[in-house]
Amino acid sequence: MATSLMPSNEFWTDGSVWIAEPERSVEGQSLADFARNELRVRDCCFFQTSGSEGKRKWVGLTKEALRVSAGAVNAHFGITGRDHWLLALPTHHVGGFGVLARADLSGSQVTRLEGKWSAAAFATLCEESGATVASLVPTQVFDLVSARLAAPQTLRVILVGGGAMSAELEEAALQLGWPVRRTYGMTETASQVATQTKDRGELEVLPIWTLRTDAEGTLTVRGEALAKGYAIHEGETWRWEPIPPATGLRTRDRVSVWHEGGQPFLRFVGREANTIKILGELVSLGPIQERLEALRLELDLPSGEAVICDVPDARKEARLVLVVSAMDDAEAGRLQKGLNATLRPFETVDEIRHVDRIPRSELGKVLLESLRRQL
């Protein structure tokens, strides 16, 4: 059935402040009061960051910024009123709300996947609804591939964001007919900064963005869809941390940016917060996690969870451990052996830890700080 969550025409210009949360809370109401009475903002939406690095902030985006982003994505993929979205992400996250904004702007129909995420239910609803476009996160794509579900022929684009999708997972999805397109973006940019337009292609930067990198490759982004700043809850009060539009947002992401035929392209390299030192050598956890996901597909180990995490080490400064949940010793041992065959000597994983649950955000991102504390 079509979702009833589509914003009304009045929503975009009624001057309201909208707090993106699954249900009303005391914190949300307090933020709305702060935004209206102290910041004196109008037509603004606040989305909570994923907290993957242990920090809770609310990102303030104007409704116009959300529409600018939606228009750029629609133009990039030629999305029109003839398209039909299948919504499988929560709308209190910018990825899910972005689907509604794009559909509203293009006149597309939207069908929502109700209830708890299920790869089988998603595939069935895709076929029944005749959906042509969808937006997923890598963990959902992994579930589709693990279940060996074939894509319905009506689908022409699946935007994959909210985290890095490995080349192996991308290839496996394409082989099953899922037209996945890697994207790079963040809550602060109201969704995408760069995205693929073809199978196995590089990420093309959307024309609404101006990018700059420093000597280490750390990205700064400017553009009209950029957030105004952060609302940070400290005790009983709120603090506003603006993002200067002239200088833009300095992210914690390291990327490579280049031009071909006048078109800028972007390749994600790693994230500062996920870079550690072992025996004086820099180690990025992201690529190792991608290898681990690829290895699970190769070894046909779809059940359970497996994550690479670092723990303090008196001699090495840090060391890597394989953290697993709902996976037996034999399966975890196969993963450990296969992963170590690809790692540099000082990165070797020499310990497996079993936990009841690996902490994740609603979009499936591993909450590393929470996991580190748990370990």
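The values are calculated or read from the model by the stated rules, or taken from the named source; none is laboratory data. Source: prediction; values computed, not measured. Using ideal geometry, Cβ is built from the backbone for each residue, glycine included, and neighbour counts are taken over all protein chains shown. Each accessible area value is taken on the protein alone, full model and side chains, heavy atoms only, with ligands, DNA and RNA left out. Shrake-Rupley method; radii C 1.70, N 1.55, O 1.52, S 1.80 Å.
For the range 1-159, the direction-averaged projected area of the alpha-carbon convex hull comes to 10.1 nm². Length available on full extension from residue 30 to residue 325: 0.36 nm per residue minus the Cα-Cα distance, which gives 102.5 nm.
Grouping the Cα pair distances of the range 201-317 into 10 Å bins from zero gives a pair-distance distribution of 11, 27, 29, 26, 7, 0 percent in increasing distance order. At full extension, residue 313 and residue 40 could sit 93.4 nm farther apart than now, given 0.36 nm per residue minus the alpha carbon distance.
Each principal axis of the range 255-311 carries a Cα extent, and these read 44, 33, 15 Å when sorted largest first. When the range 236-305 is described by a simple charge dipole with +1 on each Lys and Arg Cβ and -1 on each Asp and Glu Cβ, the residue from 288, 303, 278 located farthest towards its positive end is 278. Surface composition of the chain: carbon and sulfur make up 48 percent of the accessible area, probe 1.4 Å. Exceedance of the 19 Å cut-off in Cα-Cα distance is limited, within the set 57/116; 63/116; 63/228; 57/365, to 57/116; 63/116.
Placing a pseudo-label 7 Å from each Cα along the Cα-to-Cβ vector at residue 340 and residue 154 gives an inter-label distance of 5.0 nm. Averaging Cα coordinates gives a centre for the range 281-355 and one for the range 41-115; these two points are 34 Å apart.
If R0 is 41 Å, the Cβ-Cβ spacing of residue 11 and residue 216 corresponds to a FRET efficiency of close to 0.50. Protein heavy-atom accessible surface, 1.4 Å probe, per residue over the range 295-336: 45 Å².
Of the Cα atoms belonging to the chain, the radius of gyration and Dmax stand at 20.8, 61 Å.
Loop-located trypsin sites (Lys or Arg not before Pro) across the range 8-41 with a Cβ neighbour count of 14 or fewer within 10 Å are 24, 40, with loop assigned by DSSP. Relative to the Cα centre, the charge distribution of the range 104-168, modelled as +1 at Lys and Arg Cβ and -1 at Asp and Glu Cβ, gives a dipole magnitude of about 40 debye.
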